[in-house]
Amino acid sequence: MSYCRIGRLGNSSITFYKPRHVFDINGGPQPSGFVFGRTADYKDITTLKSCHTEFRLIPPVRLLIESRLAIVYTDFAICFHFCDTATMSTGRQYWELFLVFFKIGAFTFGGGYAMIPLIRREVVEKKLWLDDNEFMDMLAIAQSMPGPISLNTALFVGNKRLGFKGSLFSGAGIILPSFIIILLIAIVFTQFKENPVIERIFKGIRPAVVALIAAPLLGLGKSAGVNLKNIWIPLTVALSVWLLKISPVYVILAAILLGISHYLFTRQTMKK
Amino acid sequence: MELTDLYISLFLTFLKIGVFGFGGGYAMLPLIQQEVVDVHGWISVSDFTDIVAISQTTPGPIAFNSATYIGYTAVTEMGYAQGYGIFGSAICTLAVSLPSLVIMTIVCVFFFRLKSNPWMQASLSVLKPAIIGLIASAALMLMNGHNFIDYKSWILFGVVLVASLKKVDPILLIVLSGIAGLFLYPA
């Protein structure tokens, strides 16, 4: 087994074995191996990730297969990440971003809050794209912006990782599963809607749906900080939208304006 | 209505829903319902409830699910072929996610300044309780004669409410209430 040392990349030195034309380092083809052996300088994965731009992969599939075979010779964790992120061609990284969020989009039922633990596992624990603090901060932002939380999260992670184009891939990944499923249901369901059996089933389901919307209200209210002092806000909103048929658009604008004017008012009284 | 007009009005409506979709999920329901059922009349109230039911049993957020479904049905109900309906649902899904794309791109630039921004905190202090009110109004708007046809509906509602508070899986509850409907309303 011949080892060839590539030299320093960032803070780290990497040793490859099997000198072959697998990597294309900094341009032109150079004889190099694909999986590095002893990696004394790699104390953590972040260092490894920081040098990923210096590699370009020529045959990604072959590398992936060979890397799995060569695990014996390398530190498993580093090998895994090296193959998955560090040596991936940019096109493959976009594709990976798409796939991760496609998986999240396809397996989270109910949307919203049910998705968060799954997204965290993929993005923080498996892929190490964000650390826990960043993830919590991002979640706070995603929740306070318009649009579904899962989409906002996907767009944020995509953008943080590979810029605007990355967010296009992650966004498409999270949207596509539900788009395909609902489209199929719409095509089938519109043909069976008049079916008496389907109608009977939905007669039972409709009140259940309303109950499922109403049930989490108490818990959500608590976590949104609703107390006796501001309980009038949700009550007014609910009544004005329900009975007066006021558009939620105006309600949201009014809520933002009210919050800001309250802030201005308290700031002014504080100054005095 | 001309097909292009329909596409444009679907696009604009869902763009509006995307822009004002604070709180995600259930909080977006009253806005979607008002626009789609009351203003444009693309689908009926019971159809809308069915979409919510389908959303709860399939993956993905309700906003996308209703956009995809309504985009398809609004076009096909007008008598156009399926292919036009699929294009319609693509337009709606794109429209509802476009505002998020723009906003999150901006947010990524200002991320760390936004987090501790007092203006942001100030507007959220009222917006958060207001979102709870929006979810409540979603439930109230769906409590109508179309969805609650007799006393059996209210019994089902009560049972599911209690079961849901006891953390029974919502998908299981929907399946069970569907079976219950089959027995409670004989042909």
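Note on the range A:122-144: residues that are open to solvent by 20 Å² or more (accessible area, probe 1.4 Å), more than 13 Å from the chain's Cα centre (by Cα) and of a type outside the set (D, E) amount to 3.
Take the conditions facing chain B (nearest Cβ under 7 Å), touching a residue at least 60 places away in the same chain (Cβ under 8 Å) and either farther than 24 Å from A:M136 by Cβ or crowded, with 18+ Cβ neighbours inside 10 Å (or both) and apply them to A:P196. Does it pass? Walk me through how you get there before you give the answer.
On the way: facing chain B (nearest Cβ under 7 Å): yes; touching a residue at least 60 places away in the same chain (Cβ under 8 Å): no; either farther than 24 Å from A:M136 by Cβ or crowded, with 18+ Cβ neighbours inside 10 Å (or both): yes.
No; evaluated as a whole, the condition is false for this residue.
Conditions tested, residue by residue: (1) at pLDDT 90 or above; (2) facing another protein chain (nearest Cβ under 9 Å); (3) under 11 Å from the mean Cα position of the chain (by Cα).
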{"position": "B:V36", "(1), (2), (3)": "yes, no, yes"}
{"position": "B:V45", "(1), (2), (3)": "no, no, no"}
{"position": "B:D50", "(1), (2), (3)": "no, yes, yes"}
{"position": "B:A53", "(1), (2), (3)": "no, yes, yes"}
{"position": "B:F64", "(1), (2), (3)": "no, yes, yes"}
{"position": "B:T68", "(1), (2), (3)": "yes, yes, yes"}
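Considering every residue within the range A:135-148, establish whether at least one is more than 9 Å from chain B (Cβ to nearest Cβ), aromatic (F, W, Y) and in contact (Cβ under 8 Å) with a residue 40 or more places away in the chain. Checked the range A:135-148: no residue is more than 9 Å from chain B (Cβ to nearest Cβ), aromatic (F, W, Y) and in contact (Cβ under 8 Å) with a residue 40 or more places away in the chain. Restricting attention to the range A:247-261, the residues being within 7 Å of chain B (Cβ to nearest Cβ) and either part of a helix (DSSP H, G or I) or at positive phi (or both) number 9.
State all residues of the range B:27-44 that are open to solvent by 30 Å² or more (accessible area, probe 1.4 Å) and part of a helix (DSSP H, G or I); if no residue qualifies, say none. Once the filter is applied, which keeps residues that are open to solvent by 30 Å² or more (accessible area, probe 1.4 Å) and part of a helix (DSSP H, G or I), the range B:27-44 yields B:D38, B:V39.
Taking the listed residues A:G173, A:G163, the one that is crowded, with 16+ Cβ neighbours inside 10 Å, within 26 Å of the chain's Cα centre (by Cα) and within 15 Å of B:M104 (Cβ to Cβ) is A:G173, with no other qualifying.
Would you say A:L244 is more than 7 Å from chain B (Cβ to nearest Cβ) and in a loop (DSSP other than H, G, I, E, B)? Here the answer is yes, as A:L244 does meet what is asked. Of everything in the range A:225-241 that's within 8 Å of another protein chain (Cβ to nearest Cβ) and more than 18 Å from B:L140 (Cβ to Cβ), which residue is surrounded by the fewest Cβ atoms within 10 Å (Cβ to Cβ)? In this case the residue turns out to be A:G225.
Filter the range B:165-178 down to the residues that are modelled with pLDDT of 85 or more, closer than 22 Å to A:R200 by Cα and within 7 Å of chain A (Cβ to nearest Cβ), then identify the one that is surrounded by the fewest Cβ atoms within 10 Å (Cβ to Cβ). Step through it out loud before you land on a result.
So the first thing to find is which residues in the range B:165-178 are modelled with pLDDT of 85 or more, and the list is B:165-166, B:172-178.
If we keep only those that are closer than 22 Å to A:R200 by Cα too, we end up with B:172-178.
Narrowing the set further to residues that are within 7 Å of chain A (Cβ to nearest Cβ) leaves B:173-174, B:177-178.
Numbers: B:L173: 24, B:I174: 21, B:S177: 28, B:G178: 19.
That would be B:G178.
So is A:I187 closer than 26 Å to B:M141 by Cα, β-branched (V, I, T) and either without any contact (Cβ under 8 Å) to a residue 24 or more places away in the chain or crowded, with 21+ Cβ neighbours inside 10 Å (or both) or not? In short, no.
This table checks each residue for (1) more than 9 Å from every other protein chain (Cβ to nearest Cβ); (2) out of contact with any strand residue (DSSP E or B) (no Cβ under 8 Å at 6 or more places or on another chain); (3) among the charged types (D, E, K, R); (4) open to solvent by 40 Å² or more (accessible area, probe 1.4 Å).
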{"residue": "B:A95", "(1), (2), (3), (4)": "yes, yes, no, no"}
{"residue": "B:I106", "(1), (2), (3), (4)": "yes, yes, no, yes"}
{"residue": "B:F110", "(1), (2), (3), (4)": "yes, yes, no, yes"}
{"residue": "B:A130", "(1), (2), (3), (4)": "no, yes, no, no"}
{"residue": "B:L140", "(1), (2), (3), (4)": "no, yes, no, yes"}
{"residue": "B:F157", "(1), (2), (3), (4)": "no, yes, no, no"}
{"residue": "B:V162", "(1), (2), (3), (4)": "no, yes, no, yes"}
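The values are calculated or read from the model by the stated rules, or taken from the named source; none is laboratory data. The model shown is predicted, which means the values in this text are computed figures rather than measured ones. Quick reminder, even Gly has a Cβ in these numbers, built from the backbone with ideal geometry, and neighbours come from all protein chains shown. Protein only, heavy atoms only, side chains kept; ligands, DNA and RNA dropped before computing areas. Shrake-Rupley method; radii C 1.70, N 1.55, O 1.52, S 1.80 Å.
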